[in-house]
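This report concerns only the one structure given below.
Just so you know, all these numbers are worked out from the coordinates, no wet-lab data involved. Keep in mind the model is a prediction, meaning the values are calculated, not measured. Here the Cβ is made from the backbone with ideal geometry for all residues, glycine too, and neighbour counts use every protein chain on show.
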Amino acid sequence: MNRAVMRVSRIRVGRLLQDKLHVFWMQICLVLVFILPFILVAGMLYKSLLLIEAQPLTELLFSKTWKPMAGRFGFYTFIISSVWVTILALLIAGPICLLTAIHLTQYAKRWVLRVMHPIIDILAGIPSVIYGVWGILVVVPFIGNYLGPFFGKSVSGYSILAGAIVLAIMIIPFILNILIEIFKNIPPELSEASMSLGAGKWQTIKLVQVKKALPGIVSAFGLGMSRAFGETIAVLMVVGNVAQIPKGLFQPGYPLPALIANNYGEMLSIPMYDSALMLAALILFVVVLIFNFASRLIIVKSEKQLA
């Protein structure tokens, strides 16, 4: 009897030790995930101090002058180009993703969604350089030869619009996957109750389901915008990379990720230029954080209104 009790106690002690060990490793992983953004910010800030100490931060952020050899680093042009491309890409991709998700989850037959899922995953897994090559072969000539002349513009095709179209196609599968899962997880009882009161299918979708899914829709668009803002290779290949503030959709631009990718390798030997590129990375990181926090605030506000 005593042996059996001792054996049971040993098993309990062993299980408790295993549980504590697993909890310990999970806590370590949680702390690592929590401090990782602070480590990234600290590293970029440390590398950027050389430029920040030499030039006022307000001048760095709001100056249009980019003359590295003269020691003048103004990031305003690159920030504006990034915002142009990102917002325009979201304006193109947003309605397409939302209406497609509604159709696939509410109108289409189940086999259509089963067929579309792997297609969406394939689009999400295509390397960004492939999208860039496709943009050079299709989007740029289309804008330069047809769309630009249609609006009375003589352009090369390498423009903010080209970058936005390529970027929109890249983020469509990312946003669409999230929206499909959001609409699939809405309780069917809500739609049944609405339609039992005499509402039509589209009225139910517009006034009940979209309203219920609003926090998730905002979150999906916020994540899509954050991803679009930091996309590099595909946009770099089609946007034109001219350091000037774009005055229209057909003008070339120069987003922050393209600036870093184009210059980082060969400019490491110049301390001030290296510091400027690190500051560009820090600005990119901060803007993405602002997008995320803003979308989070909208989500919290919409959840309170729905409660």
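Annotations
- Modelled label reach - Asn292, point 7 Å along Cα→Cβ, segment 66-96 residues with backbone N closer than 15 Å: none
- Along the axis of the charge dipole computed for segment 61-306 (Cβ charges of +1 for Lys and Arg, -1 for Asp and Glu, origin at the Cα centre), the listed residues Val138, Met170, Val300 are led at the positive end by Val300.
- Compactness relative to 2.2 N^0.38 Å, alpha carbon Rg of the chain: 1.30
- By the count of other C-beta atoms within 10 Å, a proxy for reagent exposure, Ile122, Ile233, Ile102 are ordered fewest to most as Ile122, Ile233, Ile102.
- For segment 242-264, the residues whose backbone nitrogen is under 18 Å from a point 7 Å from the Cα of Ser154, taken along Cα to Cβ, are 250-252.
- Per-residue ellipticity at 222 nm, computed for the chain from helices alone with -39500 (n - 2.57) per DSSP H run of at least four residues, works out to -24000 deg cm²/dmol.
- Residue order, fewest to most surrounding Cβ atoms within 10 angstrom, among Ile28, Ile175, Ile165, Ile79: Ile28, Ile79, Ile165, Ile175
- Screening the chain for DSSP H helices whose Cα atoms reach 27 Å or more along their own axis and whose mean Kyte hydropathy is at least 1.0 gives 2-54, 76-102, 160-184, 271-306.
- Nearest-20 debye value, segment 61-306 charge dipole, Cβ charges on Lys, Arg, Asp, Glu: 560
- Convex hull projection area averaged over all views, segment 63-182, Cα basis, nm²: 10.3
- Which of Asp274, Asp121 has the fewest Cβ neighbours within 10 Å, and the rest in rising order: Asp121, Asp274
- Listed residue (Ala261, Ala108, Val235) projecting farthest to the positive dipole end of segment 61-306, Cβ model: Ala108
- Pairs of Lys residues in the chain are counted when their Cα atoms are under 22 angstrom apart and they lie 8 or more places apart or on different chains; the count is 19.
- Between Leu91 and Tyr76, full extension at 0.36 nm per residue minus the direct alpha carbon distance yields a gain of 3.2 nm.
- Inter-label distance, Lys109 to Val242: 5.2 nm, where each label sits 7 Å from its Cα along the C-beta direction.
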